[in-house]
Structures are given as C-alpha cells and as structure tokens.
Amino acid sequence: MFGGNRSDSRFVAVTALAGAALLECATAFSLHGASTAATSFVSRPVSALTLQPKLRVSTPTLGRQARRTAVRMADESIVKRLQDVSNQFDELTTMLGDPELANDTQEMLRITKQRASLEPVVEVFNQWKGATEELEGAKEMFIEAGDDVDMREMAREEVKQLEADIEEMEANLKVLLLPKDPLDDKDVMLEIRAGTGGDEANIWARDLQEVYTKYCKNTGWQVQIMEESDSTAIISVKGDNVYSKMKWEAGVHRVQRVPATETQGRVHTSTATVAIMPEADEVTVKINPEDIRMTTARSSGAGGQNVNKVESAIDLMHIPTGIRVFCQQERSQLKNKELAMSILRTKLFDLELEARNAELYKQRKDQVGTGSRSEKIRTYNWKDGRCSDHRLGKNFPLSDFMSGSIGSMIDECIFKDQQQKLQELND
C-alpha cells in the first residue's frame, strides 16, 4: 500500500531524532550560554532518572555516552538510597504514633533517636525534589517563551538560581550520606591529666578543665566531676551527640608561657593530655567480679562531718589491666562504688576503642589526627596570643579558646574530615 523504500523510512526516523537532539542542544546553549553544565545527580527530576528513551541513535562518540551512562547509573543509586532513607523515616514516624509504644520507654527512645538522625537527610532530600521539579518548569517556560525576550531572560535567571541551589543541596546530601561513627551520639568521660612541666603542668591542666567546662555548659550539656586531684580530673559530660564534637579534643595540648611561679620571666613549655572516652554501660562492657580488687577508705577534703570518719571512698583495681579508680565525690559509699564502676567500664571500653582506631587510621590515606591521646594536636603561645592547631595547619585567637569558644575549631576539624572521606569515596 505504501510504496516507500525501507531505507528511506529509516532515514526519515534518524533525521527526526537528530532534529530533536539539535533542538535540545540549542535550548541548553540558550539557557547556559557557551559554557557546558556539569553532570549532577540533581540535574534532573527524580522521575526522569528512572526513565529511558524508547529510541536511541548510535553515534561515533561511544566513549562520552558510556561515561554519561555510568554517571546516570551512579545517580540512580544515590537517589534510591535517599528514597530508602525517606521511606524509613516515614515508617518510624508511623511507629511513634502507635499508642502501645508508650508502654515501652526504651523502644520509644530508640525509635525517636533513629528518626532524629534521619530527619536532616529527609529534609534536604525533600527540598531537592521540589527544586528539581521547579527547574524542569523553568526550562519549559524558557522554551514556551518563544520570541518574548523578557520571559526568556526571566526563565534563564530562574534556571541559573535553581541550579546553584540544587548544587548546594547535592553537596549537603553527599555529606549527610557519609558513614557515621556509631559512637557519635554517646555521652563521654573527659579525662585531663597533667604531663611534663611540674607545677605549671598542673596549672595548665586546671586551665583546660575550666575551658572545657565553659564550652560544655554553653553547648547545653550536663557536666559532673567524677574524680579530681591536683594533676588529674575526670568529668562526665552528657547531652546530644557529645562524642561527635568532643572527640576532636583528644590528644596532647602544649602551652608556652611564663608561669605564675616563674620569678625571672622565662618562658616554660608544659603539656597536658586530654582523653575523650565514650561512656560504656553494663551491656557494652562486662566486667568479671573476680578481676576487681575493691577497698574502702575515708574521704579527704571538704565534705562535712563524714570526712575522715566514715569509709565512703572507693578504691578499685582492675587486675588484668592494672587500671585503678579512686572515687570519693559522693557522701555515700554505694554511690561512689557506682561512679567508680562507671569510670572503670569507660576506661576499659576506651582501651578497645584505642586499638580499633589505630587499625582504622592505618587503613586511611589521610586523617584529621589519629585520635590518639599521645598525638600533639595544639600549641598555645601566650606571647603571640596564638592557638595553633597542628591538624588543620591554622592559627586561632588564644583569647577565644580560653573563653571556651572552641566551636569553630571543632567545626573545622569535622569539615576537613568530611572532605577527606568524600575524596576517599571518589578515589
């Protein structure tokens, strides 16, 4: 019935596809000028990521198409991960609405924490989906504007702004999808111990104790002194995601200044060691009672009539490791025993964590510090009013640190660590 040649039909089909491709390229050129937009997993709406065109024309540039296909497949996997997180968030929200959950406090707390950890990802993901839909609408408006110069310019500006917003959201989502340290949400025990420098080292350790106490209280965390002497302090810090921030303070802190006890104005160098130990409960660390030697003693120092009369202080020795804990903060022997056992569990868990971190950092090419308490992380120079962070290679005002304003230093350590993790994923 139709007398046309089959080769002519194929030619018409190819010509039509080529014309459509040229029109799309022309539209992109008009929107972005001569520059070529970088491929991004947020450059298309979610629905478009899963659709494949029914007809394709083979071209000699197979290498470029292969690279684009690889990028698209990676993009689809990222979107799928994000959608899975969003679905999990919705399921947890539904579970929290179950009246029977109110009878199980521990399960409710677990679900609430898990939901809160997913909320930032879902929030940015929803913004991303809305922005990609708006971007497609702006592109359509640009095409439909035809010869209307004002409408085309307005659409072009909207596309430019949306693409910038989407690029920022993409960067945020990549960071939010990075593997998290499972200990980040734990409370910690902060141990400050004087190092080399004699009496000046003891003074410096107390200065650090004041700095961290100010920072923790300003952050809204609860602070309790568990053990304190002239050269050592152990402080319990409880709150939201304490370990995720405080872990960057672990290491040796070196100070260079003229001590108050120096009569000839000479600059002394002293050190103090800071250990950040995530708290461990009885489930996490089990202690064999046979491994503990416990004795009681009379408390010393201020404390009322009980001092030097009642043996309320507890002296614990963990025989396999040689760790010793002495606790006299409470007036009750039972409470002091509970505090001492809590400190001992945390120190034993810290030993395991130290070994794990050592192995982990061996596997990483770069890291923001080793997380070891033996690593020198900062030098504080009184003469120049300078606080030098050796991990960042950057100086900060000494006055900010001494006032407890250390949030910016911690944030920069977190940012650098995130960038290095992203680089490792790309490699």
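What follows draws every value from the coordinates through simple rules; no lab data is involved. Predicted model, so just to flag it, every value in this text is computed and none were measured. All Cβ positions, glycine included, derive from the backbone under ideal geometry; neighbour counts span all protein chains shown.
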Exercise for the section: For region 238-289, run through the trypsin sites (Lys or Arg not before Pro) and keep only the ones in DSSP coil with at most 16 other Cβ atoms within 10 Å of their Cβ. Expected result: Arg266, Lys286
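Evaluate E = 1/(1 + (r/R0)^6) for Thr94 and Thr295, where r is the Cβ-Cβ distance and R0 equals 56 Å; express this FRET efficiency to the nearest 0.05. Mind dumping the intermediate values first?
Values: r = 54 Å, r/R0 = 0.96.
Calculated value: 0.55.
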Fill in the blank from the handout: For region 80-191, shape from the Cα gyration tensor axes a ≥ b ≥ c, cut at a/c of 1.5 then a/b versus b/c, turns out prolate
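How about region 133-225: which trypsin sites (Lys or Arg not before Pro) there are in a DSSP loop, with at most 12 other Cβ atoms within 10 Å of their Cβ?
Those satisfying the criteria are Lys180.
Residue separation times 0.36 nm, minus the C-alpha to C-alpha distance between Val223 and Lys160: what's the value? Please list the in-between numbers first.
Numbers: separation 63, 0.36 × 63 = 22.68 nm, distance 4.85 nm.
Gain on stretching Val223 to Lys160: 17.8 nm.
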Practice task
Quote to one decimal, in nm, the extra length available between Leu177 and Ser77 on full extension: 0.36 nm per residue of separation minus the C-alpha distance between them.
Solution key: 34.8 nm
Handout entry: Gain in span if fully extended, Lys335 to Asn126, counting 0.36 nm per residue against the direct Cα distance
Key = 70.4 nm
Handout entry: Label zone at Glu168 (point 7 Å along Cα-to-Cβ), backbone N below 12 Å, region 405-422
Key = none
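What's the FRET efficiency of Val258 with Leu351 using the Cβ-Cβ distance as r and R₀ = 45 Å, to the nearest 0.05?
Numbers: r = 38 Å, r/R0 = 0.83.
After rounding to 0.05, the efficiency reads 0.75.
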Completion exercise
Pseudo-spin-label distance Trp382 to Ile414, built 7 Å along Cα→Cβ, given in nm, is 3.2
